Each structure stands twice: as structure tokens, then as C-alpha cells.
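> Can you keep this structure in mind? I'll have questions shortly.
The values are calculated or read from the model by the stated rules, or taken from the named source; none is laboratory data. This one's a predicted model, so the numbers in the text were calculated from it and none came from an experiment. Cβ sites come from the backbone with ideal geometry, for glycine too, and all protein chains shown count toward neighbours. Side chains are part of the model used for accessible areas, which takes the heavy atoms of the whole protein and leaves out ligands, DNA and RNA. Shrake-Rupley method; radii C 1.70, N 1.55, O 1.52, S 1.80 Å.
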Amino acid sequence: MRREIAIRLPAAFNDDPAIAWAASHIEDALARAGFAVVADGEALTVAIAGAGRTDDPAAPVPLPAVAEGFALWREGGTVTAWGHDTRGLVYALTELADRARHATGDDPFDGTFPLTGEPTARIRSIARLFCAENEDKAWYYDKNFWREYLTMLATNRFNRFALTLGMGYNYPYHNPWITDVYFYFPYPFLFDLDGYDVRVRELPADERDLNLEMLQFIGAETARRGMDFQLALWTQRYDFDDVPRAAHTVEGITDDNLAPYCRDALTHLLEAVPEITGLTFRVHVEGGIAEGEYGFWEEAFRGVAAAGRPVEIDMHGKGLDHTLLQLARDSGMPFAASPKYLAEHMGLAYHQSSIRNEEYPPEVARSQREQLSEGSRKFLRYSYGDLLAKDKDYKVLYRIWAGTQRVLLWGDAALAAGYGRSSMFAGSDGVEWCEPLSFKGRMGTGVPGQRYNYTVQGLAPRYDYEKYEYQYRVWGRNLYAPGGPAEGWQRYLASECADAADACEAGLAAASRVLPLVTLTHAPSASNNHYWPEIYTNLPLLAGSGARAYARDMTAPIRFGNAPTFDHMLFANAREFAEALLAGTPVARYTPLDVADWLDRLAAEAETAIVTAKATAAYGTPAVRRILADVGILAGIARFFAEKYRAAVWAELFIATNVTTLLDPAIHHIGRAILAWEDVAALSDDLYPDDLTYGPQTWLRGSWQARLPEMRAELLDLEAARGGGVFETVPPTEAVTAAIAALAAHRPTRAGAGTLQAPASFGRGEAVTVRFEGTADGAPTLHFRQVDQSQRWSSLAMAADGSGYVATIPAEATQSDFHLQFFVTLQQDGAGAIVPGLASDLANEPYRTSLQR
């Protein structure tokens with residue numbers, strides 16, 4: 001038995017279940033690590049204080065007097081754990097428990113003292129999705145899973161857990177392919193509601209009752225750890241009588257009783273599970289309620305209020321308008337809007353400066369049912385829209401969708417810290433992250449046992465989340481305190497990966513930026529149902545093939561170089577770059593060549609880390625194998641897209657000119673891209689299943705190996721186009737020759753040398769002067785816009801002024817309810833530059849924001 005430890009919990013804390021749980025958790029962690037927990041004596045003592053229940057003790061550091069603040073310090077034989085409130089004290093105690101769990105010597109609390117913490121993001125939420133009955137019931141019914149999973153979340157300073165039901169399908173109307181409807185319309189799967197003859201025909205009563213019992217257990221265990229329990233109810237109806245393939249049949253719902261049934265079901269649900277602190281609703285047509293049917297939502301919100309306690313009404317951003325916001329306001333409940341962070345994907349940490357052109361409202365909506373999401377409010381489908389008004393009386397929470405990276409490990413502290421900072425952008429409140437494996441088995445494609453992904457014996461962990469525990473650590477702790485102490489995740493890696501820990505950390509950091517960067521700069525679809533860059537469905541350089549996956553959400557012609565970016569103000573696609581080269585126009589946006597260089601750099605860093613790890617004693621252990629395999633796959637994906645971006649520039653020059661010799665470098669780069677993807681396929685073969693299912697379409701399932709044939713076919717098509725007389729050969733013009741020379745001499749766009757000077761705040765209707773202090777090849781351009789994605793950007797030429805340049809944003813541009821954002825583009829030393837632009841770690845905001853007073 002190792003050293004004796006005493007836990008001193010004052011009686012004043014006995015009435016607080018979360019603090020009592022945290023105290024028992026630290027005792028359990030100590031015991032599991034081999035330390036003896038004793039009542040008193042000569043033991044090392046943990047003294048517990050704060051949370052408004054004891055006088056604040058004398059501390060060697062200022063105590064953070066903010067919600068969720070905590071402090072730890074050590075004096076002699078006493079370690080003091082202090083929290084400003086209950087949650088802060090839970091964080092202090094779980095930090096000590098986590099140190100004990102990973103202790104390697106006789107000191108269970110070895111680490112930084114004193115340590116203080118206070119949160120940046122006010123809401124730090126994790127969403128777990130129930131999408132597949134045959135994959136998800138196993139974890140839903142497992143009480144020990146919930147105890148350990150929720151403990152892990154609380155330890156990593158998440159303050160909200162969102163159990164998400166009803167996301168199994170996108171469009172509930174006239175969909176004969178709906179099969180798996182378990183919890184899709186959730187209420188009758190949980191209870192039999194008095195006064196309504198609504199039931200699930202095939203569902204036994206004891207299973208229905210067990211479902212509610214488990215929901216009550218999950219709510220109680222979440223609250224017990226000091227976290228908010230959010231229940232997301234994404235679907236309020238579907239065509240109950242028009243789903244012939246559905247495994248369960250909901251009976252008794254009619255057009256007349258739907259709204260009152262949902263109203264009363266919400267009240268009953270909140271009474272049955274008193275730990276629910278908030279409800280999330282999908283308020284656009286895909287939730288089953290046609291846009292503009294405000295009467296339904298008025299009834300639903302009335303049902304929330306009838307529970308008799310504050311329950312936050314969280315409305316998903318797509319399809320949300322100010323009428324719905326007012327209905328929530330009128331309910332008397334706290335309310336929030338939760339737009340997507342970056343479409344249905346994960347990009348770099350900053351909020352895109354501009355939405356895609358495809359997201360601006362059309363003249364006529366696609367249908368009356370979609371009059372908002374595909375009509376007047378389309379700009380809110382995939383970003384914050386017009387929700388960030390200065391005097392808003394609701395929270396804004398961003399949801400990071402699970403479209404980019406679903407299977408592979410992620411873990412980059414710099415990018416996570418960037419998200420921590422940007423989640424509070426312009427008065428926002430935080431972020432909810434759809435965790436790894438979200439949408440697994442969606443739309444009826446669940447495979448029993450495939451939740452763990454691996455086909456190799458010994459690699460699958462006990463519980464699905466355990467593969468990604470490092471990811472939760474990096475994410476949660478950097479949302480709480482961006483750039484905070486790294487030991488919180490490093491101790492985990494040291495425990496799991498031993499002497500390979502440093503290499504694994506470096507490799508994951510580089511590899512984890514790959515897919516967010518690809519997603520931001522290659523956006524053939526904003527929908528996760530069509531675009532999955534992790535297991536990429538190839539979009540060829542020449543139009544003709546590849547349209548099935550992307551045609552619904554991309555402006556023709558459907559080819560790689562014409563795919564938009566998710567931020568066209570800062571990034572040019574290959575077509576735009578080629579047009580600028582042919583016109584001889586300087587480019588002051590990041591180009592595909594810049595992105596390719598970044599990807600190659602990230603791949604090289606990841607590959608170096610793999611080489612380093614292979615020389616360690618821990619190489620070959622399950623944890624290290626899992627990490628290095630995914631880092632290697634991501635490095636190969638980076639190499640693939642780097643070559644694809646370079647090929648696309650040459651292909652777009654060819655498309656614009658018909659000079660067939662321009663296809664030669666395109667063919668060269670595509671050949672290299674295929675070699676990189678072949679490496680990815682070889683790494684993943686026999687490690688992951690051949691058919692990873694996230695939906696029924698070919699582009700939502702499969703494997704890296706399965707994508708190879710279409711990539712090889714593209715190379716054959718390019719070679720045929722080059723030499724088979726498909727195109728008439730045209731000799732190079734002067735413009736083509738100049739474009740080729742410009743490519744050879746290309747210098748990357750960069751974050752410009754110099755600084756921006758502007759007021760941190762302004763008054764409504766005030767002109768705002770922005771100064772760039774630095775040198776330029778000609779007049780820089782100031783770009784500015786209200787923090788409102790429904791608006792377009794404006795620009796002004798800056799005038800020379802002493803050692804810099806100035807421009808004044810006119811008063812009429814600030815005559816609104818919104819803050820301002822701005823950046824400067826220029827040419828410096830013959831290359832494009834953006835100020836502030838992206839830093840080398842790609843984790844910052846590349847623009848500045850000035851807040852309205």
C-alpha cells in the first residue's frame with residue numbers, strides 16, 4: 001500500500017450531491033491507485049473549501065471570483081481544493097483525482113501548485129447521438145458505461161451533456177426508406193401518456209419503461225457530477241403512416257392531436273426527469289414541422305413552461321426566425337439559439353468570415369415547407385447569421401457537426417484553444433461538439449458490434465469513447481482555459497504511451513489540423529450527408545463524374561477546382577486562382593498552392609513523429625498503435641489533398657484555355673495524390689472494416705480502400721484527355737505563358753508584416769478609423785462588415801499616412817445593432833498578404849472585431 005491520504009470534507013458540504021460525489025470520487029481514485037484513504041493522523045490531507053459554504057482560506061494566489069473558478073495549492077502536508085461554486089470545487093477535486101489516477105510515484109498529487117482556473121467558454125457541451133438501435137442500445141442501457149463516461153466529461157471540465165435523440169434521418173416526409181425509428185419520435189418510446197392513445201405497436205411495455213428508467217438514471221448521474229443535462233429532441237413528427245419499412249410503428253398521432261400531445265408529453269417528460277435543465281429543438285422542416293407553423297411551437301413551449309421550473313429552450317439555428325425567438329421569449333423560459341459553427345463540418349477554429357454564395361437567400365424558396373431555411377433565412381443554415389445583435393437577450397451556442405472527422409483520432413491543443421477563444425465570438429456563449437462516432441449507423445445502416453471500428457484483436461477499448469479520451473481532454477480543458485496547463489492531457493499520454501508520449505502528442509497535433517484545413521478550403525457540400533472528407537468521395541478535376549455526391553449542394557460545373565471554399569473572402573479556389581493568373585491580377589487571398597504547402601508541412605511533422613515513436617519501447621502497445629495508425633492515415637490524406645490542390649490549378653488553367661500541355665503537370669500531381677491515397681488504404685486495410693456505415697449512400701459508407709478505384713479512374717480519364725484527341729490542341733498564348741511563369745515564381749500569401757490599429761469599441765452611428773502600420777506595394781484594401789452573415793463585405797482603399805495607411809469605415813456602416821469585423825489585404829514584397837491573417841498554427845482569428853458599445 002502506498003502513502004496514506006486523508007480527505008477533510010466539512011459538514012457544510014454534506015447537502016451538496018455534486019461535491020459529495022467529487023469527494024467520494026477522489027477517494028476511489030486514490031484507492032484504485034494503491035493509496036490508503038484514512039480519517040486522520042500523519043497523512044497527507046486534502047482540505048476542501050469554498051463554494052459559499054466556508055470562509056475563503058488564505059491562499060498563495062488570488063482566488064478566481066467567477067462562476068466555475070477553482071484553485072489548488074499546497075502548504076506543508078495539506079493540499080487545499082477550493083472552488084468559487086459547486087462546479088468549481090468539482091473541477092478542483094476531479095483534477096486531484098485525475099492526478100492520483102495517473103500517479104507514478106508516492107505523491108498522488110504531483111503536478112503544478114498553485115493552480116487556478118476560470119472558464120472562457122461559458123457553455124462547454126458534448127452531444128452523444130442515438131442513431132442506430134442495433135449499435136446504440138448497448139451503451140444506452142449500460143449503467144457502468146454512464147458512470148465512467150460522465151465522470152470523464154466532468155474531469156475534463158465539460159459543464160453540459162446533451163443526449164441527442166431524433167437525428168436518425170434528415171427529411172421525414174414521404175421517405176419510404178425510413179427503417180430505424182427507435183427514439184426518432186421519442187415520447188412514446190419513453191412513456192404512455194394519459195389522455196392519448198399513442199403507442200409504439202412493436203414496443204413491449206417493460207422495454208418502454210426501461211427506456212425512461214435509463215433516461216432518469218442518466219439525468220441523475222449527470223447532475224450528480226455537477227453538469228447540466230440537455231435533452232435534444234430533434235424530430236417532432238414524421239409520416240407515421242407512410243413508412244412501410246420501419247421496424248416500429250407509432251400509432252395514434254393525427255394532425256389534430258400532434259401539437260397537444262407533444263405539449264403534454266414535454267411537460268410529463270420534464271416532470272419525470274427533473275434533472276433536465278434544457279431542451280434542444282430542431283425548428284426547421286427536417287424536424288417534421290413545416291416552417292411557419294408557429295402554432296405548434298407555441299404549444300410546445302407552453303408544455304416546457306408548464307413543468308414549473310426554468311428549462312432552457314435551445315433552438316437549432318437553421319429555420320430560426322425572430323418570430324420563433326419571440327415565442328420562446330413569451331414562454332418565460334430562458335432560451336438560446338444554436339447555429340452550426342461551420343456548416344455540418346469542422347474547419348479551423350475561427351468563424352468563417354463569409355458564407356458560401358450558395359447560402360444567400362434565393363428570390364423564391366424551394367418550397368412552402370422550407371420558406372425560411374431555403375428562403376428568406378437561408379443565410380442561417382450553416383453559420384451564425386444575424387443572431388449576434390449587440391443587445392440580444394438569448395444565448396448563442398455553436399454546434400460543431402460531425403461531418404469532417406468521425407472515425408480517426410483528433411487531438412490538437414492549439415486548435416482546441418482557438419475554439420475556446422472563438423466560441424465566445426462577439427458575445428457568444430460557447431460550443432457543443434458532436435463527439436466522435438456521431439451518426440454511426442445512421443439511416444438504418446447500423447452494424448451490430450461495429451461501434452468500435454477495429455477488426456484487429458486487442459485494439460478495441462472497453463467503451464467506445466475510450467479510444468478518444470485524449471481528444472476529450474484536449475478539447476474540454478482548452479474550451480475551459482485556452483492555452484492552459486498541458487499537463488492535464490500530457491499525464492494521460494504519459495500513462496498510456498510511456499516513452500512514446502511526446503511523439504504521439506506531436507503527431508496528433510499536426511495530423512489533427514489536416515481535415516479541418518481541407519474542409520475549410522474545399523467545400524463541395526455544406527451537408528455532412530454528401531461530403532465526408534475523412535473517407536473522401538473523389539471529385540474529379542474535369543467535370544463529368546463525381547456529381548452524384550455533390551450535385552445537390554454545389555453550383556455547376558461539378559468539378560474539384562470549381563468547388564467553393566467555406567470562406568471565399570480569405571481563400572480562393574483553383575478556378576479563381578487560375579483566372580487571376582491568366583488575367584495577371586495579384587491575389588491577396590490564400591490560394592490552393594498555399595493550402596497545399598500547409599498540408600505538406602503538417603504531413604511532414606506527423607511523419608517525423610511516427611518515425612520518432614517507432615524507436616520507443618512503447619511502440620506496438622495498443623494505445624500507441626491506435627494513435628500512430630490514425631496519424632499515418634491523416635498524413636497520407638494531407639499528401640493526397642496537397643497534390644490534388646496543385647493538380648486542380650493546372651487543370652483549371654487547361655479548362656480556361658484548352659492548352660492540352662497544361663494537363664501534363666495535372667496528371668503528374670494526380671499520380672502523386674493516388675500514391676498517397678494508396679498508402680492510406682494500405683495503412684487502414686485489415687485495421688478498419690471494409691464498410692464503415694454512416695448512411696446508406698456510397699459516399700456515407702465504405703473505406704479508404706473502397707475509394708481507390710474512382711481515383712485511379714480519374715487518372716486514366718486525364719491521360720485520355722491529354723493524348724486521346726478528346727480536346728483540340730491549342731498552342732499557349734502570351735497569357736498562358738505568363739501564367740506558367742507566375743506559377744513558377746509564386747510566393748505564398750501570408751499573414752502580413754505590420755499591425756492593425758482600431759478602437760476596441762464604437763458607438764452606433766460612429767465612423768471607425770482603421771490604421772495599418774507597415775509597408776505595402778501600393779495601397780492596401782480595408783475589408784469590413786457588420787457581424788451579420790446575411791450582409792456582404794465592403795471594401796475601401798487605404799490612404800498613405802506617415803509610416804502606414806488609414807481608412808475610415810463610414811458612420812452609415814455602423815448604424816445597426818451589430819458589431820464590426822475587418823481585415824486588410826495588400827501586396828508586400830511581391831506577395832499577397834492578409835492582416836492579421838492566419839498564424840503558423842492556423843488557430844487564430846484572421847480578422848479583427850470591434851464591439852459596439
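> Return only the number of the condition from (1) open to solvent by 10 Å² or more (accessible area, probe 1.4 Å); (2) closer than 23 Å to E678 by Cβ; (3) not acidic (D, E) that L515 does not satisfy.
(1)
> Limited to the range 584-616, what total is found for residues that are open to solvent by 10 Å² or more (accessible area, probe 1.4 Å) and over 22 Å from G411 (Cβ atoms)?
8
> Are any residues in the range 80-91 open to solvent by less than 10 Å² (accessible area, probe 1.4 Å) and touching a helix residue (DSSP H, G or I) at 6+ places or on another chain (Cβ under 7 Å), and if so, which ones?
If the condition is that a residue be open to solvent by less than 10 Å² (accessible area, probe 1.4 Å) and touching a helix residue (DSSP H, G or I) at 6+ places or on another chain (Cβ under 7 Å), then A81, W82, G83, L89, V90 are the ones that fit.
> Give me the residue from the range 27-72 that is in a loop (DSSP other than H, G, I, E, B) and among the acidic types (D, E) and, out of that set, surrounded by the most Cβ atoms within 10 Å (Cβ to Cβ).
Among those that are in a loop (DSSP other than H, G, I, E, B) and among the acidic types (D, E), it is E68.
> Specify the residue that is nearest to A337 (Cα to Cα); the eligible residues are those in the range 397-411 that are under 9 Å from the mean Cα position of the chain (by Cα) and open to solvent by less than 10 Å² (accessible area, probe 1.4 Å).
Y398
> Select from the range 656-673 the residues that are open to solvent by 10 Å² or more (accessible area, probe 1.4 Å), within 19 Å of N538 (Cα to Cα) and touching a residue at least 24 places away in the same chain (Cβ under 8 Å) and list them in ascending order.
Once the filter is applied, which keeps residues that are open to solvent by 10 Å² or more (accessible area, probe 1.4 Å), within 19 Å of N538 (Cα to Cα) and touching a residue at least 24 places away in the same chain (Cβ under 8 Å), the range 656-673 yields I667, H669, G671, R672.
> Of all residues in the range 113-134, which are polar (S, T, N, Q), open to solvent by 10 Å² or more (accessible area, probe 1.4 Å) and touching a strand residue (DSSP E or B) at 6+ places or on another chain (Cβ under 8 Å)?
T116
> In this structure, does I218 turn out to be β-branched (V, I, T), closer than 26 Å to V311 by Cβ and either in a loop (DSSP other than H, G, I, E, B) or open to solvent by 50 Å² or more (accessible area, probe 1.4 Å) (or both)?
It is false that I218 is β-branched (V, I, T), closer than 26 Å to V311 by Cβ and either in a loop (DSSP other than H, G, I, E, B) or open to solvent by 50 Å² or more (accessible area, probe 1.4 Å) (or both).
> I need every pair where a residue in the range 406-434 that is under 27 Å from A389 (Cβ atoms) has its Cβ under 7 Å from the Cβ of a residue that is open to solvent by less than 10 Å² (accessible area, probe 1.4 Å) and at pLDDT below 95, sequence separation at least 6 or different chains.
Close Cβ pairs (under 7 Å, with a partner that is open to solvent by less than 10 Å² (accessible area, probe 1.4 Å) and at pLDDT below 95) amount to C434/A402.
> Can you tell me which residue within the range 681-690, out of those that are in a helix (DSSP H, G or I) and aliphatic (A, V, I, L, M), is least open to solvent (accessible area, probe 1.4 Å)?
A681
> I need the full set of residues from the range 167-190 which are more than 28 Å from A205 (Cβ to Cβ), of a type in the set (A, V, I, L, M, F, W, C) and under 25 Å from the mean Cα position of the chain (by Cα), in order please.
Across the range 167-190, there are no qualifying residues.
> I've got another one for you. Which of the residues spanning the range 579-595 are more than 23 Å from the chain's Cα centre (by Cα), part of a helix (DSSP H, G or I) and touching a residue at least 12 places away in the same chain (Cβ under 8 Å)?
E579, L581, L582, A583, P592, L593, D594
> Return the residues of the range 387-396 that are surrounded by fewer than 21 Cβ atoms within 10 Å (Cβ to Cβ) and touching a residue at least 40 places away in the same chain (Cβ under 8 Å); say none if nothing qualifies.
A389, K390, D391, D393, Y394, K395
> I'm trying to understand the selection: among the residues of the range 266-289, which are part of a helix (DSSP H, G or I) and either of a type in the set (A, V, I, L, M) or within 29 Å of the chain's Cα centre (by Cα) (or both)?
L266, L269, L270, A272, V285, E286, G287
> Moving on to the next point. Just the residues that are within 30 Å of D391 (Cβ to Cβ), within 28 Å of the chain's Cα centre (by Cα), in a loop (DSSP other than H, G, I, E, B) and polar (S, T, N, Q), please, taken from the range 805-852.
Within the range 805-852, N844 is the sole residue that qualifies.
> Continuing with this model, one more query. Checking P310 against (1) of a type outside the set (D, E); (2) open to solvent by 50 Å² or more (accessible area, probe 1.4 Å); (3) in contact (Cβ under 8 Å) with a residue 60 or more places away in the chain: exactly one of these is not met. Which one?
(3)
> Here's a follow-up. Based on this model, can you work out whether G278 counts as small (G, A, S), crowded, with 19+ Cβ neighbours inside 10 Å and within 22 Å of F145 (Cβ to Cβ)?
Taking the combined requirement at face value, the residue does not satisfy it.
> Among the residues of the range 522-546, count how many are open to solvent by 10 Å² or more (accessible area, probe 1.4 Å), in contact with a Leu (Cβ under 9 Å, 6 or more places away or on another chain) and within 19 Å of N357 (Cβ to Cβ).
Summing the residues that are open to solvent by 10 Å² or more (accessible area, probe 1.4 Å), in contact with a Leu (Cβ under 9 Å, 6 or more places away or on another chain) and within 19 Å of N357 (Cβ to Cβ) in the range 522-546 gives 1.
> Shifting gears a bit: Is it the case that some residue within the range 142-158 is of a type in the set (S, T, Y), assigned to a loop (DSSP other than H, G, I, E, B) and touching a residue at least 12 places away in the same chain (Cβ under 8 Å)?
So far as the range 142-158 goes, no, none of its residues is of a type in the set (S, T, Y), assigned to a loop (DSSP other than H, G, I, E, B) and touching a residue at least 12 places away in the same chain (Cβ under 8 Å).
> Next up: Do you know which residues across the range 691-739 are of a type outside the set (A, V, I, L, M, F, W, C), open to solvent by 80 Å² or more (accessible area, probe 1.4 Å) and part of a loop (DSSP other than H, G, I, E, B)?
E728, T729, P731
> Would you check if T164 is open to solvent by less than 10 Å² (accessible area, probe 1.4 Å), touching a strand residue (DSSP E or B) at 6+ places or on another chain (Cβ under 7 Å), of a type in the set (V, I, T) and not in a helix (DSSP H, G or I)?
Yes.
> Same structure, new question: Here are some conditions: (1) touching a strand residue (DSSP E or B) at 6+ places or on another chain (Cβ under 6 Å); (2) at pLDDT 95 or above; (3) within 25 Å of G444 (Cα to Cα). L215 meets all but one. Which one does it not meet?
In the conditions (1) touching a strand residue (DSSP E or B) at 6+ places or on another chain (Cβ under 6 Å); (2) at pLDDT 95 or above; (3) within 25 Å of G444 (Cα to Cα), L215 misses (1) alone.
> May I ask you to list the residues in the range 488-510 that are farther than 13 Å from T612 by Cβ and open to solvent by 50 Å² or more (accessible area, probe 1.4 Å)?
Q490, A494, S495, E496, A498
> Go through the range 224-265 and count every residue that is outside any loop (DSSP other than H, G, I, E, B), under 32 Å from the mean Cα position of the chain (by Cα) and in contact (Cβ under 8 Å) with a residue 60 or more places away in the chain.
The qualifying residues number 9.
> Then there is this: Is there a residue in the range 793-804 that is surrounded by 13 or more Cβ atoms within 10 Å (Cβ to Cβ), in a loop (DSSP other than H, G, I, E, B) and under 35 Å from the mean Cα position of the chain (by Cα)?
Yes, some residue in the range 793-804 is surrounded by 13 or more Cβ atoms within 10 Å (Cβ to Cβ), in a loop (DSSP other than H, G, I, E, B) and under 35 Å from the mean Cα position of the chain (by Cα).
> Then there's this: Looking only at the range 457-487, which residues are part of a loop (DSSP other than H, G, I, E, B) and either open to solvent by less than 40 Å² (accessible area, probe 1.4 Å) or among the polar types (S, T, N, Q) (or both)?
Listed by number, the residues that qualify are Q457, L459, P461, Y463, A481, P482, G484, A486.
> Please tell me if V649 is modelled with pLDDT of 95 or more, over 28 Å from G832 (Cβ atoms) and either in a helix (DSSP H, G or I) or open to solvent by 10 Å² or more (accessible area, probe 1.4 Å) (or both).
no
> Right, something else. Provide a single number: the residues in the range 757-792 that are polar (S, T, N, Q), assigned to a strand (DSSP E or B) and within 14 Å of Y847 (Cβ to Cβ).
Qualifying residue count for the region: 2.
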